[in-house]
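Participant: First the structure, which I've put down as structure tokens, then a few questions once you've had a look.
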Amino acid sequence: MDGNRYLDLSSGFGVATTGFGAESLIRCYQEQASRLYHGMGDVHPTLLKVELCEALSRMTFERWGAGQGRTILGSAGFEAVEAALKTALLATGKPEVIAFTGAYHGLGYGALSVTGWTEFRSPFRTQLRELAHFLPYPACHRCPYGKKTEGRPVPGACVECDPSCLADLEESLRVLGRSGRVGAVLVEPMLGRGGEILPPPEFLPLLRRVCDETGMLLIFDEIYTGFYRTGPLFACDAAHVVPDLICLGKALSGSFPISACVGKARWMDAWPESAGEALHTSTFLGHPVGCALALTMLKEWEQVETAERVAAAGRVWEESLTTLRSCQDVADVRGRGLAWGVELRDAWGNPLGGRVGRMVEEALAEGAILLGGGVEGNVITLSPSLALREEEIVWAVEMLRELLQRRA
Ligand SMILES: Cc1ncc(COP(=O)(O)O)c(C=O)c1O
């Protein structure tokens, strides 16, 4: 509003992965708006909606060799999570869900019920169903078992990891899975808003194993991590684990509110044939402009060069950001690809959430948009776009160093 220009290091909450001026998206907006700028979701769907559902199936379950994927589209990310929760109930008949502390799944009431942040839930507790069992998200950067993590290589395992945390977790998962009440495990393959936390590499395979043994569905919330945010196309690709349902949003269209819950046909077919009214729908579902943009983005994602560009940009971020480890109050620098977190704590280990808040404001004065993150608010969160040039990354990291030194 003051005519200032900013370098957005959050890429608009992780949406604008290809930046804010991608010509292919601008052209697509113009062309689609002049052809049809609103449709009738599922009553008379556009061809674009069909093409998008087919493309999402190819990119997920067909690519993973798990048959066809079927899709429920939505507008916001939380709607995709709620579509997944409904599917899990229809497919298993079991209403409860295992979710994780620190996980963020959105703020609609269904998604809020499974979001592991007390802060968001407590004002509304009296209207919320207690349908989630929250288990601790395995966080290697502050190992609850006191294992040595210093100097840990980026991909997430403790240096001396057995990993004891996972043995406890496995036990809890089994007990809940066998209770006969829990139909699904909902998890972010890497905690995004919860502080850019990478779990140990054994975590996702463990969840898959226990789900297979106990009949729970495994739902990956890749609304933040999807579409190359963490390096591979989806974060679960790195772990070679195939979910039963995957939730997508944010970078799916690179700009427009459209989300998707894609599931194995076997589970999605639990939805009954419509007997007149659609059981799950919304006015803007399958919006033609959103579908056209998502299809344009998917074409870009299909190019091998995209993965190479993310890997190269990720290396520059890693090399530059890890130099901040020596700054005072920097407790950890962690991340992968285009998802990074710089955690601040004082010498006694107390979280410095207030300081992160001030740095976010000071960064604006320097011309950069930063976000705070983490359950304790003490993580500077960087979810930049692919479009940043190397010199912009170097500038951003030097700006952060200067802000860190200013108060040290
Ligand atoms: C992992 C994850 N799930 C769900 C959501 C909710 O998406 P939306 O804000 O579009 O409802 C977010 C948003 O940040 C997210 O990061």
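Participant: What number of residues within the stretch 234-264 are more than 12 Å from the ligand (Cβ to nearest atom) and among the basic types (Lys, Arg)?
Facilitator: Summing the residues that are more than 12 Å from the ligand (Cβ to nearest atom) and among the basic types (Lys, Arg) in the stretch 234-264 gives 1.
Participant: Only one of these is part of a helix (DSSP H, G or I) and within 25 Å of residue 199 (Cα to Cα): 344, 400, 321. Name it.
Facilitator: None of the other options fit; the residue is 321.
Participant: Which ones in the stretch 4-24 are within 16 Å of the ligand (Cβ to nearest atom) and β-branched (Val, Ile, Thr)?
Facilitator: Across the stretch 4-24, the qualifying residues are 15, 17.
Participant: Name the one entry in 402, 343 that is open to solvent by 20 Å² or more (accessible area, probe 1.4 Å) and charged (D, E, K, R).
Facilitator: 402 is the lone residue from the list that is open to solvent by 20 Å² or more (accessible area, probe 1.4 Å) and charged (D, E, K, R).
Participant: With a cut-off of at least 1 residues that are open to solvent by 30 Å² or more (accessible area, probe 1.4 Å), at pLDDT 95 or above and among the acidic types (Asp, Glu), name the strands (runs of 3 or more DSSP E) lying wholly within the stretch 68-135.
Facilitator: In the stretch 68-135, 96-100 are the strands (runs of 3 or more DSSP E) which contain 1 or more residues that are open to solvent by 30 Å² or more (accessible area, probe 1.4 Å), at pLDDT 95 or above and among the acidic types (Asp, Glu).
Participant: Looking at the stretch 9-51, which of its residues are under 20 Å from the mean Cα position of the chain (by Cα) and buried (at least 20 other Cβ atoms within 10 Å of the Cβ)?
Facilitator: Once the filter is applied, which keeps residues that are under 20 Å from the mean Cα position of the chain (by Cα) and buried (at least 20 other Cβ atoms within 10 Å of the Cβ), the stretch 9-51 yields 9, 11, 14, 15, 16, 17, 18.
Participant: Please specify each residue of the stretch 86-113 satisfying the condition of being under 25 Å from residue 238 (Cα atoms) and within 12 Å of the ligand (Cβ to nearest atom).
Facilitator: 99, 100, 102, 103, 104, 105, 106
Participant: Can I ask one more? Which one is farthest from residue 82 (Cα to Cα), of the residues in the stretch 94-126 that are touching a strand residue (DSSP E or B) at 6+ places or on another chain (Cβ under 7 Å) and among the charged types (D, E, K, R)?
Facilitator: Per the stated criteria, the residue is 94.
Participant: While we're here: Looking at 361, 392, 343, 398, which is the one that is over 21 Å from residue 14 (Cα atoms) and at pLDDT 95 or above?
Facilitator: 398
The values are calculated or read from the model by the stated rules, or taken from the named source; none is laboratory data. Keep in mind it's a predicted model, so treat the numbers as computed, not measured. When we count neighbours, we look across all protein chains shown, and the Cβ atoms used for this are built from the backbone with ideal geometry, even at glycine. Heads up: the accessible areas ignore ligands, DNA and RNA and are worked out on the full protein's heavy atoms, side chains in. Shrake-Rupley method; radii C 1.70, N 1.55, O 1.52, S 1.80 Å.
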